[in-house]
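Enquirer: Below you'll find the structure I mean.
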Amino acid sequence: MTRMSETAEYAETASPGEGDAAPAASGRRKSSPTSSWRSRLYRWDIKASPYVFVAPFFLFFGAFGLFPLLYTGWASLHRLELTNLDDSTWLGLENYTNLLQSDYFWNALGNTFTIGIIATVPQLAIALGIAHLLNYKLRGSTLWRVAMLAPYATSVASASLVFTLLFAWDGGMVNWMIGSVGIDPINWRESSWGSQFAVSSIVMWRWTGYNALIYLAAMQAVPHDLYESASLDGASRWQQFRHVTIPMLRPTILFTIVVSTIGATQLFGEPLLFGGTAGSKGGADHQFQTLGLYLYDQGWINGHLGRASAVAWLMLVILLLIAAVNLLIARRLRKDR
């Protein structure tokens, strides 16, 4: 009773609202202007930083990618000469119709196709075989893998000049080798198929090792259980390669085919340097002139920038068609799996 009475007396004597003074005071406390400014700056930093980091890419892409694409699209619809860039005449689709009626354009397209086939098919087949050999445990495997990348690291100019000497009409090593077995020397630069084979050999030499390392990386990702199961079933190494390795590498093989096809469509440096003074023409009879050379010849030799821009856009359409075929085949492979 004594404690209860003391408590009641204390409650009566205490001033009203004395116990709520501290919470009320803390509730009325406001943040300082400095802390509020820092919080806003922090929020701006979180929102704006990603855009600042990616802005250089979009600036360079807009300056060196998007603007040239749009400008060539505009130029392809006009008569625009290199000697007078300020004077342009609207032609509509006349540049495209003239190209589709030009024998030189179809000749360049056919040469691009044949050189691409000659260069791509043996290249990928040899790369697949080399990758299969490197997939086994070999002494100095790292050295062999680095050696595979040496041709890829070589400049186009150096490789083309060396192969020009190898395929020379008089004193070339290739003619000396075929002459030692009784075959007459071939004028590789003037011959239609010979020049295309010579240009394709440069492409094969430069890109075989690169594709071999891509195949090797894909082979090392194949589960070893599949090879063990095939070995227990009595499959030889060749049978394992055919029935295990090749099916597992189908997406990678498709990727290399598409990339090699795109590279063949844009082929430029190798035939230009191999042809010498007539490099932009693809030889005296345009026998190895590719689409890239035809574009260069129209734009920078003849000065018809409008027609060259139309060639560039037709090449873009061809590449888009290749990408669409790649997408359809990839979807079919995913469904089959």
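The values are calculated or read from the model by the stated rules, or taken from the named source; none is laboratory data. Because the structure is a prediction, the values reported are computed rather than measured. Using ideal geometry, Cβ is built from the backbone for each residue, glycine included, and neighbour counts are taken over all protein chains shown. When the accessible area is computed, the model is the full protein with side chains, heavy atoms only, and any ligands, DNA or RNA have been set aside. Shrake-Rupley method; radii C 1.70, N 1.55, O 1.52, S 1.80 Å.
Enquirer: Identify which of 293, 226, 80 has the largest mean-square fluctuation in a Gaussian network model of the chain, with springs joining Cα atoms closer than 10 Å.
Expert: Residue with maximal mean-square fluctuation among 293, 226, 80: 226.
Enquirer: May I pose another question? Where the centroid of each part is defined by its Cα atoms, how far is the stretch 212-234 from the stretch 106-123 in Å?
Expert: Using only Cα atoms to place each centre, the spacing works out to 32 Å.
Enquirer: Would you give the gap between the C-alpha center of the stretch 289-323 and the C-alpha center of the stretch 42-104, rounded to a whole Å?
Expert: 15 Å
Enquirer: Let me ask something additional. Once every DSSP H run of n ≥ 4 in the chain is given -39500 (n - 2.57) and the sum is divided by its residues, what mean residue ellipticity at 222 nm do you get, rounded to the nearest 500 deg cm²/dmol?
Expert: Value at 222 nm, helices only, nearest 500: -22000 deg cm²/dmol.
Enquirer: Tell me, in nm to one decimal, what length is gained between residue 316 and residue 155 on full extension, where the rule is 0.36 nm per residue of separation less the Cα-Cα distance?
Expert: 55.4 nm
Enquirer: Can you classify the chain as rounded, prolate or oblate using the Cα gyration tensor, where a ≥ b ≥ c are the square roots of its eigenvalues, rounded means a/c under 1.5, and otherwise it's prolate if a/b beats b/c and oblate if not?
Expert: Here the chain falls in the oblate category.
Enquirer: Let me ask something additional. Going by alpha carbons, how many degrees (0 to 90, nearest 10) lie between the helix axis of 156-166 and the longest principal axis of the chain?
Expert: Taking the Cα atoms of the chain, the angle to 156-166 is about 20 degrees.
Enquirer: Further, regarding this structure: What ranking of 42, 294, 136 comes out by heavy-atom accessible area, probe 1.4 Å, highest first?
Expert: 42, 136, 294
Enquirer: Among 146, 128, 195, whose Cα lies farthest out toward the positive end of the dipole of the stretch 101-234, if unit charges sit on the beta carbon of Lys, Arg (+1) and Asp, Glu (-1)?
Expert: The Cα lying farthest towards the positive end belongs to 146.
Enquirer: Still on this structure: Please compute the contact order of the chain in relative form: average sequence separation of alpha-carbon pairs under 8 Å and at least six residues apart, divided by the residue count, as a percent.
Expert: Rounded, it is 25 percent for the chain.
Enquirer: Here's another thing I want to ask about it. Apply the a/c threshold of 1.5 to the C-alpha gyration tensor of the stretch 68-186 and tell me whether it is rounded, prolate or oblate.
Expert: prolate
Enquirer: Using a 1.4 Å probe over the heavy atoms of the protein chains, calculate the carbon and sulfur portion of the accessible area of the chain as a whole percent.
Expert: Summing carbon and sulfur atoms, their accessible area is 65 percent of the total for the chain.
Enquirer: Taking a ≥ b ≥ c as the square roots of the eigenvalues of the Cα gyration tensor of the stretch 158-237, is the shape rounded (a/c under 1.5), prolate (a/b larger than b/c) or oblate?
Expert: In terms of gyration-tensor shape, prolate.
Enquirer: About its Cα centre, how strong a charge dipole does the chain have in debye, to the nearest 20, once Lys and Arg get +1 and Asp and Glu get -1 at the Cβ?
Expert: So the dipole magnitude of the chain works out to roughly 800 debye.
Enquirer: Using a 1.4 angstrom probe and counting only protein chains, how large is the accessible area of residue 145 in Å², to 10?
Expert: That residue has around 80 Å² of solvent-accessible surface.
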